[in-house]
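Structure first, then comments.
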Amino acid sequence: MKVSIVLPTYNEKDNIKAIIPKIFEVFEKNKIEGNVIVVDDNSPDGTAEEVKKLQKNYSIDLIEREKKMGIGSAYVTGFRKAIKNKSDVVFEMDADYSHNPDHIPDFIEGMNKFDLIIGSRRIEGGKVIGWNWYRKAVSSGGNWIGRWISGIDVSDLTSGFRAYKKNVIESIDIDKIQSSGYAFQLEILARCLKKGFKVGATPIVFVDRRAGKSKLSKKELINFFLTATKIRLGMIK
């Protein structure tokens with residue numbers, strides 16, 4: 001089984017030089033054949049240059065884009081590359097170390113039963129470390145409202161730590177996905193369910209980012225709820 005980890009980056013220089021060696025440490029320890037695909041949106045802090053240094057020691061594909069185009073399109077770009085690389089399982093994962101690479105084998109084990117595995121903070125064994133009460137309330141409330149509006153009964157709709165079987169990526173027409181951020185996570189999940197793919201979850205411990213700024217914004221939340229409404233109305237096929 002060949003695994004690809006897609007890491008979208010924008011100003012993640014300090015994080016990327018920590019997360020990539022850790023990913024490959026997990027690969028080696030668990031005898032996983034894998035590579036990392038970094039999609040960088042012209043980070044001014046030199047993230048791409050740091051990745052090029054890491055390429056000397058690790059199997060990394062670096063895709064450099066001319067401008068900041070959003071996390072949704074970054075994942076789509078990375079997914080295309082993973083399929084071209086003939087990967088059997090494709091992960092989406094944050095580069096800021098909020099997603100622990102030690103969980104990767106748990107996702108792969110779940111592929112025996114499911115087509116898509118979501119790393120959930122909201123099932124037994126999952127938790128969040130480092131958020132204040134406000135951020136926890138926004139996340140919990142957003143997930144609850146998102147489930148209610150969209151009709152999708154999944155514990156952690158906004159989780160960006162996921163693993164897909166190759167045939168899932170090939171079947172859901174990723175080029176038609178227009179959403180980004182949390183809305184992207186919801187839209188791609190809806191497309192998977194509409195195709196009849198089996199969705200499972202594995203508990204993760206989510207740790208607030210080590211460096212840099214959170215990507216959460218009011219615009220993100222509005223787009224998330226608009227996407228949930230489109231799903232409910234059948235506007236996303």
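Summary table below
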read-out	value
Scan of the range 34-58 for residues that are on the phi < 0 side of the Ramachandran plot, out of contact with any Phe, Trp or Tyr (no Cβ under 6 Å at 6 or more places or on another chain) and not hydrophobic (A, V, I, L, M, F, W, C), ordered by number	N35, D40, P44, D45, T47, E49, E50, K52, K53, Q55, K56, N57
Boolean, Y58 is part of a loop (DSSP other than H, G, I, E, B), under 26 Å from G46 (Cβ atoms) and at pLDDT below 95	no
Selection from the range 204-213 of residues that are part of a loop (DSSP other than H, G, I, E, B) and buried (at least 21 other Cβ atoms within 10 Å of the Cβ)	I204
Counted residues, the range 15-42 - those being small (G, A, S) and either in a strand (DSSP E or B) or buried (at least 20 other Cβ atoms within 10 Å of the Cβ) (or both)	1
Residue match in the range 87-106 (condition: of a type outside the set (F, W, Y), over 27 Å from K136 (Cα atoms) and modelled with pLDDT under 95)	no
Set N85, N35, N100, N30: member being under 23 Å from F206 (Cα atoms), in contact with a Ser or Thr (Cβ under 8 Å, 6 or more places away or on another chain) and touching a residue at least 40 places away in the same chain (Cβ under 8 Å)	N35
Residue in the range 146-189 that is nearest to I5 (Cα to Cα), counting only those that are charged (D, E, K, R) and in contact with a helix residue (DSSP H, G or I) (Cβ under 8 Å, 6 or more places away or on another chain)	R162
Checking A228 against (1) under 16 Å from the mean Cα position of the chain (by Cα); (2) crowded, with 18+ Cβ neighbours inside 10 Å, the condition it does not meet	(1)
Residue count, the range 189-211 (criterion: under 14 Å from I236 (Cβ atoms) and in contact (Cβ under 8 Å) with a residue 40 or more places away in the chain)	6
Candidate set: the range 156-203, residues that are in contact with a strand residue (DSSP E or B) (Cβ under 8 Å, 6 or more places away or on another chain) and among the aliphatic types (A, V, I, L, M); chosen: the one surrounded by the most Cβ atoms within 10 Å (Cβ to Cβ)	A163
Index of the failed condition, W133 passing every other in (1) surrounded by fewer than 23 Cβ atoms within 10 Å (Cβ to Cβ); (2) within 27 Å of I16 (Cβ to Cβ)	(2)
For T47: the one exception among (1) surrounded by fewer than 18 Cβ atoms within 10 Å (Cβ to Cβ); (2) without any contact (Cβ under 8 Å) to a residue 40 or more places away in the chain; (3) touching an Asp or Glu at 6+ places or on another chain (Cβ under 8 Å)	(1)
Subset of the range 71-81 [more than 10 Å from V6 (Cα to Cα) and in contact with a helix residue (DSSP H, G or I) (Cβ under 7 Å, 6 or more places away or on another chain)]	I71, G72
Residue ID - nearest to H99 (Cα to Cα), chosen from residues in the range 13-28 that are at pLDDT 95 or above and of a type in the set (D, E)	E25
Where a residue in the range 3-24 is over 24 Å from M69 (Cβ atoms) and its partner, wherever it lies, is among the β-branched types (V, I, T) and modelled with pLDDT of 95 or more, with Cβ under 6 Å and at least six apart	V3/I32; V3/V89
Cβ-Cβ under 7 Å pairs, at least 6 apart or on other chains, the range 64-77 side under 7 Å from V39 (Cα atoms) and touching a residue at least 60 places away in the same chain (Cβ under 8 Å), far side not polar (S, T, N, Q) and not in a loop (DSSP other than H, G, I, E, B)	A74/P8; A74/V39
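The values are calculated or read from the model by the stated rules, or taken from the named source; none is laboratory data. Given the structure is predicted, the values throughout are model-derived calculations rather than measurements. With ideal geometry, Cβ positions are generated from the backbone for all residues, glycine too; neighbour counts draw on all protein chains shown.
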